[in-house]
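Trainee: Would you mind keeping the following structure in view while I ask a few things?
The values are calculated or read from the model by the stated rules, or taken from the named source; none is laboratory data. Not measured: the values here are computed from a predicted model. Just so you know, the surface numbers come from the protein's heavy atoms only, side chains and all, with ligands and any DNA or RNA stripped out. Shrake-Rupley method; radii C 1.70, N 1.55, O 1.52, S 1.80 Å.
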Amino acid sequence: MNITIIAVGKIKENYLREGIREYEKRLKSYCSLRIVEVDEEKAPDNPGPAEKERVMKKEGERILGRMNRSSFNIALCVEGDRFSSEKMASRIGELALSGVSDITFIIGGSWGLSEEVKKASDLKLSFSDFTLPHQLMRLVLLEQIYRWFKIIRGEPYHK
């Protein structure tokens, strides 16, 4: 299975980089993982709704330019579908059984994903109603991907 994560921005905090490296290492025996970072659009400190929309649109254009249309694309957004870890593992397993070998997860910037990116995705996935920093979301997503593969293989998950 080939997993790609397209994410807006670079990881700035060292503790997040360390956690991401740990899950990248753990995932090596389960999948081929690639992380693609697209530039974060600059915005004023207190942007209004129109400025936020402009930022999401520009970031969305960058994301769309990196999306592989033959991949199963999953947009992470608050209004998406919710699954338990077991149900999402089952969904990933079903995709693999149906011949899907490329899955792409998409993490937006500070204000989320553009409508164009959501429409171009095969699934919209929500982790929570909580707002999570997009950099932290990358680590949370990697942990869940690792957990899903452990569930798929029936292996115990050591915390």
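Trainee: Given a 1.4 Å probe and the protein chains all in place, what does the accessible area of LYS57 round to, in Å² to the nearest 10?
Mentor: Approximately 100 Å² of LYS57 is accessible to the 1.4 Å probe.
Trainee: Between ASN73, ASN14, ASN46, which gets the highest mean-square fluctuation from a Gaussian network model of the chain, Cα cutoff 10 Å?
Mentor: ASN46
Trainee: Another question, then. Under the Karplus relation 6.51 cos²θ - 1.76 cosθ + 1.60, θ = phi - 60°, what is the ordered set of whole-Hz ³J(HN,Hα) values for segment 103-119, x standing for Gly and Pro?
Mentor: Once θ is set to phi - 60°, the couplings for segment 103-119 become 10, 10, 9, 10, 10, x, x, 4, 10, x, 9, 5, 4, 4, 5, 4, 5 Hz.
Trainee: Helix 14-27: angle to the longest alpha-carbon principal axis of the chain, degrees 0 to 90, nearest 10?
Mentor: Long axis of 14-27 versus the principal axis of the chain: about 40 degrees.
Trainee: I would also like to ask the following. Leaving ligands, DNA and RNA out of it, work out the accessible area of VAL100 with a 1.4 Å probe and give it in Å² to the nearest 10.
Mentor: Estimated to the nearest 10 Å², VAL100 gives 40 Å².
Trainee: Could you do me a favour and compute the accessible area per residue for segment 36-159, 1.4 Å probe, result in Å²? Let's see the in-between values first.
Mentor: Values: 6810 Å² over 124 residues.
Result: 55 Å² per residue.
Trainee: Where both residues lie in the chain, what percent of DSSP beta bridges are antiparallel, nearest 5?
Mentor: Here the share of antiparallel DSSP bridges comes out near 5 percent.
Trainee: Past 20 Å, Cα to Cα: identify those pairs from LYS119/LYS150; LYS25/LYS118; LYS57/LYS119, in the order given.
Mentor: On the way: LYS119/LYS150 30 Å; LYS25/LYS118 29 Å; LYS57/LYS119 13 Å.
Long pairs (Cα-Cα over 20 Å): LYS119/LYS150; LYS25/LYS118.
Trainee: Using only the alpha-carbon atoms, how far is helix 134-152 inclined from the longest principal axis of the chain? Give it as 0 to 90 degrees, nearest 10.
Mentor: So the inclination is approximately 20 degrees.
Trainee: Quick one: which residues, 5+ away or cross-chain, put their amide H under 5 Å from the amide H of THR104? H built at 1.01 Å from N.
Mentor: Residues meeting the criterion, in which the H sits 1.01 Å from N, are THR4, PHE72, ASN73, ILE74.
Trainee: Kindly provide the helix-only [θ] at 222 nm of the chain, computed as the sum of -39,500 (n - 2.57) over DSSP H runs of four or more divided by all residues, to the nearest 500 deg cm²/dmol?
Mentor: Values: 5 runs with 70 residues, N = 159.
One gets -14000 deg cm²/dmol as the mean residue ellipticity at 222 nm.
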